1. With unit charges on the beta carbons (Lys and Arg positive, Asp and Glu negative) and the dipole taken about the Cα centre of the chain, which residue among Ser89, Thr76, Tyr54 sits farthest to the positive side?
2. Taking the alpha carbon gyration tensor of the chain, what are the square roots of 5 times its eigenvalues, largest first, to the nearest whole Å?
3. Please give the net charge around Gly98, taking every other residue with its beta carbon less than 14 angstrom from that of Gly98, where Lys and Arg add +1 and Asp and Glu add -1.
4. Once every Cα of the range 95-210 carries one equal point scatterer and solvent is ignored, give the base-10 log of I(q)/I(0) from the Debye formula at q = 0.14 Å⁻¹, two decimals.
5. Only Cα pairs under 8 Å and at least 6 apart count here; give the relative contact order of the range 84-204 as a rounded whole percent.
6. What ranking do Ile16, Ile158 get, fewest neighbouring Cβ atoms within 10 angstrom at the top?
7. For each pair in Lys75/Lys182; Lys222/Lys300; Lys3/Lys79; Lys34/Lys115; Lys2/Lys79; Lys2/Lys115, compute the distance between the two Cα atoms and list the pairs where it is over 27 Å.
8. Spelling out what I want: for every residue of the range 254-259, take phi, set θ = phi - 60°, compute 6.51 cos²θ - 1.76 cosθ + 1.60 (Karplus), and round to whole Hz; glycine and proline get x.
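Computed from the coordinates by the stated procedures, all read-outs in this text should not be read as laboratory data. As the structure is a computational prediction, the values presented were derived from the model and not from experiment. Methodologically, a virtual Cβ is constructed for each residue, glycine included, from the backbone with ideal geometry; neighbour enumeration extends over all protein chains shown.
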Amino acid sequence: MKKSIFDILAGAESYISGQALAQRLGVSRQAVWKGIKALRDDGFVIDSVTNKGYKLSGMPTDLNELSLRYYLKTKTLGKNLIVLDSVGSTNDYLKHLGSEGCENGTVVVTHEQTKGKGRLGRSWTSERDDNLTFSILLRPRMAPKDMVDITPLTGLAICQALRDYTGLDLKIKWPNDIILGKKKLVGILTEMSAEFDAVEYIVTGIGINVDQTTFPDEISHKATSLLIATGRHYDKNRLLAGLLGRIEEAFVRSNLALSAETISEYKKLCASIGKSVTFKSGTRSISGVAVDIDEDGALKVMLSDGSLRTVNAGEVTVQGIY
């Protein structure tokens with residue numbers, strides 16, 4: 001009933017009477033009233049005027065499936081959309097669905113993630129409805145070795161979209177963290193299931209600090225949120241719909257591969273280039289200056305002896321950032 005009433009009100013240009021709603025839906029006025037109340041309880045603002053009826057005048061800003069579907073304009077990403085109340089990890093949940101054959105472009109988003117994870121086994125925690133935590137599943141017809149471009153493409157699309165949406169001077173800390181100044185705003189984790197030389201599915205999880213104002217002690221010095229940075233509360237449904245649209249556009253435009261154009265765009269936003277960095281090689285820590293991103297998205301580091309090292313993966317510490 002909620003969805004039916006929402007669809008009618010969202011498509012109306014003026015007030016619609018309760019009687020008209022009841023007739024269109026084939027239900028009683030009482031049922032209409034209950035549906036209106038349920039929508040209001042979910043955060044929808046519905047004006048009510050005697051002898052005129054009801055009019056939708058505001059949408060919820062916290063995650064809401066009806067609102068999210070209303071804003072979502074993608075062709076593939078989110079066509080199969082799953083909105084959860086709470087989950088341990090959106091990546092783990094979607095990997096399970098992936099193993100059962102869920103369709104390409106499936107998106108899982110949750111109000112609350114209790115056992116989120118980041119790169120290198122780190123945890124990703126947030127309070128209920130503080131942040132945007134979602135995962136995307138793709139089924140590309142590609143070899144596992146060709147999948148390394150997914151994460152930088154996703155990071156670039158998110159960074160560009162958030163810059164446009166917020167006006168913040170966001171940058172990318174290689175390979176996939178989105179930062180503001182010296183602090184992290186967005187984390188991305190890509191996982192893959194493959195058999196021999198074929199990818200079964202890829203799951204990319206994305207966590208964006210939106211309304212979070214406090215962080216665990218161990219990361220409080222290096223984390224921030226949109227609310228902290230701007231003092232504004234953002235509509236998470238509109239934001240997520242826009243991000244999915246931008247990510248889909250980037251994937252389609254590039255055919256899931258880094259091009260000379262996307263590498264150029266990535267380098268312009270990469271905060272690591274020109275900075276002193278430290279990375280691991282086996283058990284050794286090696287330091288140098290990040291000087292470039294190569295055609296495969298790897299970080300090129302110049303060592304003190306003038307030689308160049310290529311860093312394809314792993315933890316890289318950037319002086320002045322983290």
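1. Of the candidates, Tyr54 comes out farthest on the positive side.
2. Working: eigenvalues 354, 89, 57 Å².
That gives 42, 21, 17 Å for the three semi-axes.
3. Working: positive: Lys95, Arg139; negative: Asp92, Glu100, Glu103, Glu191, Glu195, Glu200.
Summing Lys and Arg as +1 and Asp and Glu as -1 gives -4.
4. After summing over all Cα pairs, the log10 values are -0.61.
5. Values: 202 pairs, mean separation 29.3, N = 121.
Relative CO of the range 84-204 lands at 24 percent.
6. On the way: Ile16 20, Ile158 23.
Taking fewest neighbouring Cβ atoms as first place, the list is Ile16, Ile158.
7. Numbers: Lys75/Lys182 36 Å; Lys222/Lys300 24 Å; Lys3/Lys79 17 Å; Lys34/Lys115 36 Å; Lys2/Lys79 20 Å; Lys2/Lys115 31 Å.
From the list (Lys75/Lys182; Lys222/Lys300; Lys3/Lys79; Lys34/Lys115; Lys2/Lys79; Lys2/Lys115), the Cα-Cα distance tops 27 Å for Lys75/Lys182; Lys34/Lys115; Lys2/Lys115.
8. With the stated coefficients, the range 254-259 comes to 9, 6, 6, 10, 5, 9 Hz.
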